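What follows is a set of notes on a single structure, which appears directly below.
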Amino acid sequence: KEKNADHGSRLIVVLDTQNSLPWVKEVRRVEGIYMAVQGAELSASNLDPESGNAPLLGDFTSEWVEFNCNPNSDIQWSDKERTGTAMYGVSKRWSDYSLHLPTGSDVAKHWKTHFPKATYPLVYLSNWCCGLNLFWLCSVFLRCFRRCKLAWFPPAVLDTGQGIKLVRS
């Protein structure tokens, strides 16, 4: 049996295409998985074919990668002179995601391997206290609050917490 089968992972899709807006909107209806779509729309009003500054396929992706990889990047996604607009969409449960934490048995195995036998009761006590989950009602309320906040007031830059930022302009 897969050890982490009940723990999901996130999928982030970056679309550098002409028509990514429908995909960004559609991912907001997805339930049961943690998925995000980062896309871009070309702005027809800012395009001047005679100037030679028409955006090419891959321009958005290269700027987005530069923004995510370089902390000193000077890319301004809210700049009005941009030839395209960036947008992202996340699934309904996106804000519920948390990294897989070790189970009580994982902690106990680690403790038995690296610490003296006299300290084992501390492990059992800590596992018992963590298993009580006294604040489950607060966690339910906070999960609902985070979902509503992300759906109604999405930030211009959404930090996934794993080194990737989704942007909206």
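Quick notes on this structure:
- Meets criteria (modelled with pLDDT under 90, over 17 Å from D159 (Cα atoms) and loosely packed, with under 12 Cβ neighbours inside 10 Å) for N19: yes
- One residue stands out among those in the range 76-103 that are more than 17 Å from the chain's Cα centre (by Cα) and surrounded by fewer than 14 Cβ atoms within 10 Å (Cβ to Cβ): the one that is nearest to S9 (Cα to Cα), which is L101.
- Within the range 145-156, tally of residues that are outside any loop (DSSP other than H, G, I, E, B) and either acidic (D, E) or surrounded by 13 or more Cβ atoms within 10 Å (Cβ to Cβ) (or both): 4
- Any chance E41 is closer than 24 Å to F145 by Cα and either modelled with pLDDT under 80 or within 25 Å of the chain's Cα centre (by Cα) (or both): no
- Test: residue in the range 131-142 that is surrounded by 12 or more Cβ atoms within 10 Å (Cβ to Cβ) and touching a Phe, Trp or Tyr at 6+ places or on another chain (Cβ under 7 Å): no
- A Cβ distance below 6 Å, combined with a sequence gap of six or more or placement on separate chains, defines the contacts here; from the range 140-153, residues that are under 13 Å from S91 (Cα atoms) reach no residue that is at pLDDT 95 or above and exposed (fewer than 11 other Cβ atoms within 10 Å of the Cβ).
The values are calculated or read from the model by the stated rules, or taken from the named source; none is laboratory data. Remember, predicted model here, so these are calculated numbers, not experimental data. In this analysis, Cβ positions are derived from the backbone assuming ideal geometry, glycine residues included, and neighbour counts consider all displayed protein chains.
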